[in-house]
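Shown next, in structure tokens, is the structure this report addresses.
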Amino acid sequence: MDSGSELIALPVSDVDRAKAFYQALGFRLDVDRMHGDGLRSVHFTAPGSTCSVILGRGTASAAPGSFRDLYLVVSDIERARAKLVGRGIEVSEVFHDTEGRLFHGHKAGEVVHHGAGRSRGAGLRPATRAAYGSYATFSDPDGNGWVLEEVNNRAPGS
């Protein structure tokens, strides 16, 4: 059975402010609709993605700004970061996990590593610049945390 992620209901406090932010990111606006019960739904899709985000009043049960570790996969993290910065988005510098493991943790735009010996190394993952090894973070205006992850060669089975 084929399956895939379709939609992330992202909690935001101000739909218009969030809409402007996701447009600045370069996400495609798919839907901006008012419903009869006062509900407004705004759908965006990142370039090349099949999974959309929905913003709006009443679309998510979580508190605005409470989502972390939303991964946005890019093939060239330096180019993607430069493009976002050029659009006025505050993005961390590129970094890697010094142990070469999958990055996990995002808190108010800063990296949180779990476990002894885990730390953030500046710049691209050294030597091989292997996929799944270099990251940058940013947050939307409510504090929902995104991770840019460079994936230039998918692991087998993915």
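The values are calculated or read from the model by the stated rules, or taken from the named source; none is laboratory data. Treat the numbers as computed from the prediction; the structure is a model and nothing was measured. Note that each Cβ is placed from the backbone with ideal geometry, even for glycine, and that neighbours are counted across all protein chains shown. Protein only, heavy atoms only, side chains kept; ligands, DNA and RNA dropped before computing areas. Shrake-Rupley method; radii C 1.70, N 1.55, O 1.52, S 1.80 Å.
Of ASP69, ASP37, ASP32, which residue is charged (D, E, K, R) and exposed (fewer than 12 other Cβ atoms within 10 Å of the Cβ)? Walk me through it before giving the result.
On the way: ASP69 fails: exposed (fewer than 12 other Cβ atoms within 10 Å of the Cβ); ASP32 fails: exposed (fewer than 12 other Cβ atoms within 10 Å of the Cβ).
Just a single option satisfies the conditions, and that option is ASP37.
Output the residue which, of all residues in segment 137-154 that are in contact with a Gly (Cβ under 9 Å, 6 or more places away or on another chain) and of a type in the set (S, T, N, Q), is surrounded by the most Cβ atoms within 10 Å (Cβ to Cβ).
ASN144
Scanning for something under 16 Å from PHE138 (Cα atoms), at pLDDT 95 or above and of a type in the set (S, T, N, Q), does segment 14-31 turn up at least one residue?
yes
I need every pair where a residue in segment 25-36 that is in contact (Cβ under 8 Å) with a residue 12 or more places away in the chain has its Cβ under 9 Å from the Cβ of a residue that is among the acidic types (Asp, Glu) and open to solvent by 30 Å² or more (accessible area, probe 1.4 Å), sequence separation at least 6 or different chains.
As it stands, the answer is none, since no pair meets every condition given.
What strands (runs of 3 or more DSSP E) lie completely within segment 20-94 and have 3 or more residues being touching a His at 6+ places or on another chain (Cβ under 9 Å)?
Per the criteria, 28-34, 52-55.
From the residues in segment 40-57 that are touching a strand residue (DSSP E or B) at 6+ places or on another chain (Cβ under 8 Å) and open to solvent by 60 Å² or more (accessible area, probe 1.4 Å), which one is farthest from VAL151 (Cα to Cα)?
Going through the qualifying residues, I end up with ARG57.
Return the pairs, sorted by first residue and then second, in which the second residue is open to solvent by less than 10 Å² (accessible area, probe 1.4 Å) and among the polar types (S, T, N, Q), the first residue lies in segment 132-149 and is under 18 Å from ARG87 (Cα atoms), the beta carbons are less than 6 Å apart, and the residues are 6+ apart or on different chains.
Matching pairs, first to second residue: VAL147/THR137.
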